[in-house]
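Before any comments, here is the structure.
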Amino acid sequence: MKARLISTVVTVIAVSATAACGGGGTSTSSSSSGSSKTLTYWASNQGTSLENDKVVLAPELAKFQQQTGVKVNLQVIGWPDLLNKILGATTSGQGPDVLNIGNTWAASLQATGAFMPFDSTALTAIGGQDKFVPTAFATGGALGKAPTSVPLYGLVYGLYYNKKMFADAGLKPPTTWQELQAAATKLTDPTKKQYGMVLEGGSYTESVHFAFIFGRQNGGQPFDSSGKATFTSDGMVNGVKQYVDLVGKDKVVNPSDVQYKNGPEAPGDFAKGKAAMLMSQNNADNTLQADGMKSTEYGVVPIPAPSPLPAAGKDVASFVAGINLSIFKNTKNQDAALKFVNFMTSPAEQAILDKPFTALPVIKGGTVNFTDNLAEANAFAQVLATKAEPLPLIPAESAFETNVGNAVNGLLAQAATGKDVSTSDIKAALQQAQDQMAAAG
Amino acid sequence: MHEPRSFRLFRVVVVVGLGLFTIVPLYVMVTSALKPLGDVQGDFRWWPSHPTFRPFIDMWSTVPLARYFVNSLVVSVTATAFSVLIAIFAAYAVSRYRFMGRRPFTGAVLATQMFPGILFLLPLFLIFVNIDKQLGFTFVYQTRVGLIVTYLTFSLPFSIWMLASYLDGIPRELDEAARVDGCRTLGTLFRVVLPAARPGVIAVAVYAFMTSWGEILFASQMTNDATKTLSIGLQNYSTQINVYWNQVMAASLVVSLPVVIAFLFLQKYLVAGLTSGSVK
Amino acid sequence: MPVTTTKPTSEAVAAGVPPRRRRRWKGATPYLLILPAVLLELLIHIVPMIVGIWMSFIQLTQFFIANWSQAPSAGLGNYKIAVDFSSPIGRALLHSFTVSCLYTLIVVGLAWLFGMSAAAVLQHGFRGRGGLRTLFLVPYALPIYAGVITWSFMFQRDNGLVNHVLVSNLHLLNDPPFWLIGNNAFVSMAVVALWRSWPFAFLMIMAGMQSIPDEVYQAAAVDGAGIWQQLRYITLGMLRPVNVVLVLMLFLWTFNDFNTPFVLFGPTPPQSADLISIHIYDNSFVNWNFGLGSAMSVLLLLFLLVVTGAYLLVTNRRSRRA
């Protein structure tokens, strides 16, 4: 009897305590550092391994400590965990002071209200809005609101092509989508297990990225100006068709590619010469070289658009991918955090870190230094500056990615198993994705 | 015992069939651990073209494997020890005493097995954060202690139910004989009943250990760099640049070796049957 | 656990069985014995569950995740979305539910069958028995991640061992099929789950078999029972309590299985392999709609409670008649 009484009391206390403290948006919550002389920084994995990332960042953090007297406690978090950890921090109020985020999460994280907006004072403290490349800066948060993140590393898609295979076939790197299709068809020979193009066909993030890019090329927009989902617009449907046709109609992709979902598999195939072309973000360089390809063996051009451009179409070659820096609103060391952001986005640090992390500089006047292939560097810089648009800057962005990415994966699988993928199939799949957006609140 | 032909044939079929089912993936793991990275997803081969032991060396530096291994061991062993102990107490109560609240207790304990982990993951996380706030120091948030407490509770329900079944199979005369000899409750439990239930206790201990050893969802949320366990640590071999499959395989084989050796050692205890002489 | 009741039931009385007169224990001992378990369950399971259930009644999206107390009430709104089977979300949930049921039935059934067979044939002495027992337990000892990854290698269409054996070696099929996408994904997922689950069933049954004394078998042999009859009547009979728990637990774990599909397919599995736990994960963690995810979880919980209740009722009735 007594035990029951005690348990009841414990339950009541525990429930009320949890309900009262659930959320932790109050001032009693603190970041895990204590004094104003330490910062906790959660970095994402950008290099060859978590441990290697620590080795790369350590001297820079030491430099920062020397300059400002602030010690930085570094944790490098792998991508499988990062979003969940950020979620935990947001929910509980216990988290780092500064953190890396995938820039596509910026608007969703902004909507939680747990991150510090960069108002004009803060922006001045980090060197001013003008120091950033405008397309990169635009990814910091929703339109019309003060951003809650600033760009750190820039990434864009490019079309990698195998120089030898192209030269042997007498082909030049494609400048229009039709040229790409022709080149890919010429270089596809299933009997020799060689294909014109390789895709990471099982990765829903890759699928949604290309749905966006090609949708924009065809004049579509995933969301209209009022924020309503317009996945089934002609432009989006045609864009998805352009991508899926690579597997289905053009048959320039090895059907087995639809099993690739981890990221490095497609670059791996490209490096081994199993495919002549690869559409990937510029950090594929690291993978290619790790797999034994030299930077002289491949070239990069912007992903081409159909020519002539369809109605309302834009010559979009990539979305603005990359990593942004955010500051937790609950941080006790806001000054130190701002100093740190300023430090990491300074020209000197950008130049140093862009190389091991194969990133593009997000500040004006930076030079692309992660590759010694000048043509490649120029191609990527050009894409970031003139041919890239951010993914929809809305709070439901991850829902968008999951639903559309999943739909396109399904269509790719359908094409890979030999079934025809018609426009109505695509429209139906995108309609379902659109309907599921209602779940995202 | 005479075994008819049909049974012997059945044994051969079962052993060969299940043996193959078990061994073939193990074989793939071992050969993958011996391949250079480029070959792992390359063309299929029964034997690697260039066998190498590099993955076994690199795996320690790509990821702090030693630290993860120690964390997993500490957490799993501690959680198992406490879980089995607490389960023994509770199972003994359930099996031997008809007390009021016995049914609700067993029912509630069973019901907790139906709670989907994702439902109470965030609330539990919040509770730990709040406990630490009340205490003023880090006790359960992102620590091994927090993980131990969580895991030992996870394995309780099944352990209690299983042990209660095993204990039910042990005749009460054993208890009575012990009391006649002068033992009180705990004495009866530990000196007489438990030794007779040893296979059950060992099976449950194995289960508790493996539950802690392999748990992923809560480990990913409740640990930080310093306290991370193997189950999610292994996922860090998948990086931005490459997925080091060969190192994943090598690491998995190496960290499983102690567990398998323990199994080899323990399985003979599982065979110790109920000593028929104990009642007399 | 065999629920041999202490109360005389009308059934028992009608069958002419004298009511057991066992008085309720009046003392603190049992309560002290279960106290640690109770406290831990409250802290780790019960209280968070109550909070989780509360989450299902509010609109907990990314807008309110940092401050739960401010989230507006959704009443039964989340539940309505989940069970509206005419809408895509409800339909998807129902589909996921049917896939999970089918998956669980197949995996649990086969895992139990394999475990029972292996335990039966390894029960009596022959050399190498210990080594075989250990070998069979190895898949259970391996980290989930590595085991599932290995199978995903084996199921690769071009380079996987499965297709290599089926197509090139055994010539059972002409075209290498896909195992990781489309409808075959269900099969591959079930195979992987079976590979990991059956050793556990084997372990538990093996332990259970140890408590059956040899004399019982010897007496039966004297009475003329052959090995198959002994298995059927003695072993299965005396293993009943263990089997009842084992099958129930396997059912619950397999139904709630998150790791197998997640490691095999990532957070967005193919339609045929959309297990309910991944489905709910997609609707909560990935879509940032924790209210809806919680509502789906609560519905899942209710379903499991009903099934378990029915299962225990049926198994109890049988044990009383026996």
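Annotations for the structure displayed:
- Considering region C:122-143, and only residues there that are in contact (Cβ under 8 Å) with a residue 24 or more places away in the chain, assigned to a helix (DSSP H, G or I) and open to solvent by 10 Å² or more (accessible area, probe 1.4 Å), the residue that is farthest from B:Gly19 (Cα to Cα) turns out to be C:Tyr140.
- Residue satisfying condition, being open to solvent by 50 Å² or more (accessible area, probe 1.4 Å) and either at pLDDT 90 or above or hydrophobic (A, V, I, L, M, F, W, C) (or both), within set C:Ile46, C:Ile58, C:Ile65, C:Ile50: C:Ile50
- Residue in region B:131-139 that is at the interface with chain C (Cβ under 7 Å from one of its Cβ atoms) and among the charged types (D, E, K, R) present: no
- Residue in region A:171-180 that is within 22 Å of the chain's Cα centre (by Cα) and either within 14 Å of chain C (Cβ to nearest Cβ) or open to solvent by 30 Å² or more (accessible area, probe 1.4 Å) (or both) present: no
- If you go through region B:202-212 and keep only what is buried (at least 24 other Cβ atoms within 10 Å of the Cβ) and more than 8 Å from chain C (Cβ to nearest Cβ), you end up with B:Val204, B:Ala208, B:Ser212.
- Given (1) β-branched (Val, Ile, Thr); (2) modelled with pLDDT of 95 or more; (3) surrounded by fewer than 20 Cβ atoms within 10 Å (Cβ to Cβ), number of the condition A:Ile327 does not satisfy: (3)
- Some residue of region A:184-193 being farther than 13 Å from A:Ala305 by Cα, open to solvent by 50 Å² or more (accessible area, probe 1.4 Å) and part of a loop (DSSP other than H, G, I, E, B): yes
- Number of positions in region A:107-157 that are open to solvent by less than 20 Å² (accessible area, probe 1.4 Å) and among the acidic types (Asp, Glu): 0
- Filter pass, C:Val298 being open to solvent by 40 Å² or more (accessible area, probe 1.4 Å), assigned to a helix (DSSP H, G or I) and in the same structural domain as C:Ile106 (by TED's automatic domain parsing): no
- A:Asp435 passes every criterion in (1) at the interface with chain C (Cβ under 10 Å from one of its Cβ atoms); (2) buried (at least 21 other Cβ atoms within 10 Å of the Cβ); (3) farther than 26 Å from A:Asn282 by Cα apart from (2).
- When A:Lys164, A:Lys85 are checked against the criterion of being touching a strand residue (DSSP E or B) at 6+ places or on another chain (Cβ under 7 Å), part of a helix (DSSP H, G or I) and open to solvent by 10 Å² or more (accessible area, probe 1.4 Å), a single residue qualifies: A:Lys85.
- Leading residue by the ranking (most open to solvent (accessible area, probe 1.4 Å)) among those in region A:62-82 that are in a helix (DSSP H, G or I) and closer than 19 Å to A:Asn324 by Cβ: A:Trp79
- Scanning region B:16-29 turns up one or more residues that are within 30 Å of B:Asp225 (Cβ to Cβ) and either at pLDDT below 90 or part of a helix (DSSP H, G or I) (or both).
- Single condition B:Asp39 does not satisfy, out of (1) closer than 22 Å to C:Thr134 by Cβ; (2) surrounded by 16 or more Cβ atoms within 10 Å (Cβ to Cβ); (3) over 24 Å from the mean Cα position of the chain (by Cα): (1)
- Selection count, region A:206-256, where residues are closer than 27 Å to A:Asp291 by Cα and touching a helix residue (DSSP H, G or I) at 6+ places or on another chain (Cβ under 7 Å): 7
- Some residue of region B:126-138 being in a helix (DSSP H, G or I), in contact with a Leu (Cβ under 6 Å, 6 or more places away or on another chain) and of a type outside the set (Val, Ile, Thr): no
- Helices (runs of 4 or more DSSP H) contained in region A:194-295 and holding at least 3 residues open to solvent by less than 30 Å² (accessible area, probe 1.4 Å), in contact (Cβ under 8 Å) with a residue 12 or more places away in the chain and within 12 Å of chain B (Cβ to nearest Cβ): A:265-271, A:284-290
- Residue in region A:334-354 that is open to solvent by 10 Å² or more (accessible area, probe 1.4 Å), without any contact (Cβ under 8 Å) to a residue 40 or more places away in the chain and not assigned by TED's automatic domain parsing to the domain that holds A:Lys54 present: no
- Test: B:Phe21 is surrounded by fewer than 17 Cβ atoms within 10 Å (Cβ to Cβ), at the interface with chain C (Cβ under 7 Å from one of its Cβ atoms) and under 27 Å from the mean Cα position of the chain (by Cα): yes
- One residue stands out in region A:381-397 among those that are farther than 23 Å from A:Leu309 by Cβ and touching a Gly at 6+ places or on another chain (Cβ under 8 Å): the one that is surrounded by the most Cβ atoms within 10 Å (Cβ to Cβ), namely A:Ala396.
- Of the criteria (1) at negative phi; (2) of a type in the set (Gly, Ala, Ser); (3) touching a residue at least 60 places away in the same chain (Cβ under 8 Å), which one A:Ser120 fails: (3)
- Scanning region B:42-63 for residues that are open to solvent by 80 Å² or more (accessible area, probe 1.4 Å) and within 12 Å of chain C (Cβ to nearest Cβ), we see that the one that is nearest to A:Asp269 (Cα to Cα) is B:Asp43.
Residue by residue, here is whether (1) under 22 Å from A:Glu397 (Cα atoms); (2) in contact (Cβ under 8 Å) with a residue 12 or more places away in the chain; (3) more than 9 Å from chain B (Cβ to nearest Cβ) holds:
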| position | (1), (2), (3) |
| --- | --- |
| C:Pro269 | yes, yes, yes |
| C:Ile280 | yes, yes, no |
| C:Ser294 | yes, yes, no |
| C:Ser297 | no, yes, no |
| C:Leu313 | no, no, yes |
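Okay, residues lined up against (1) within 30 Å of A:Lys54 (Cα to Cα); (2) of a type in the set (Lys, Arg); (3) more than 15 Å from the chain's Cα centre (by Cα):
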{"residue": "A:Phe357", "(1), (2), (3)": "yes, no, no"}
{"residue": "A:Phe380", "(1), (2), (3)": "yes, no, yes"}
{"residue": "A:Ala388", "(1), (2), (3)": "no, no, no"}
{"residue": "A:Pro395", "(1), (2), (3)": "no, no, yes"}
{"residue": "A:Gly405", "(1), (2), (3)": "no, no, no"}
{"residue": "A:Gly410", "(1), (2), (3)": "no, no, yes"}
{"residue": "A:Val421", "(1), (2), (3)": "no, no, yes"}
{"residue": "A:Asp425", "(1), (2), (3)": "no, no, yes"}
{"residue": "A:Gln431", "(1), (2), (3)": "no, no, yes"}
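- Qualifying residue in region C:173-193 (condition: at the interface with chain B (Cβ under 10 Å from one of its Cβ atoms) and either open to solvent by 30 Å² or more (accessible area, probe 1.4 Å) or part of a helix (DSSP H, G or I) (or both)): yes
- Which listed residue is facing chain B (nearest Cβ under 8 Å), open to solvent by less than 30 Å² (accessible area, probe 1.4 Å) and farther than 26 Å from C:Trp288 by Cβ, from C:Ala119, C:Ala111, C:Ala146: C:Ala146
The values are calculated or read from the model by the stated rules, or taken from the named source; none is laboratory data. Every value quoted in this text rests on a predicted model; they were computed, and no experiment measured them. Glycine gets a Cβ as well: all are built from the backbone with ideal geometry, and neighbour counts include every protein chain shown. Ligands, DNA and RNA are excluded from the accessible area calculation, which covers all protein heavy atoms including side chains. Shrake-Rupley method; radii C 1.70, N 1.55, O 1.52, S 1.80 Å.
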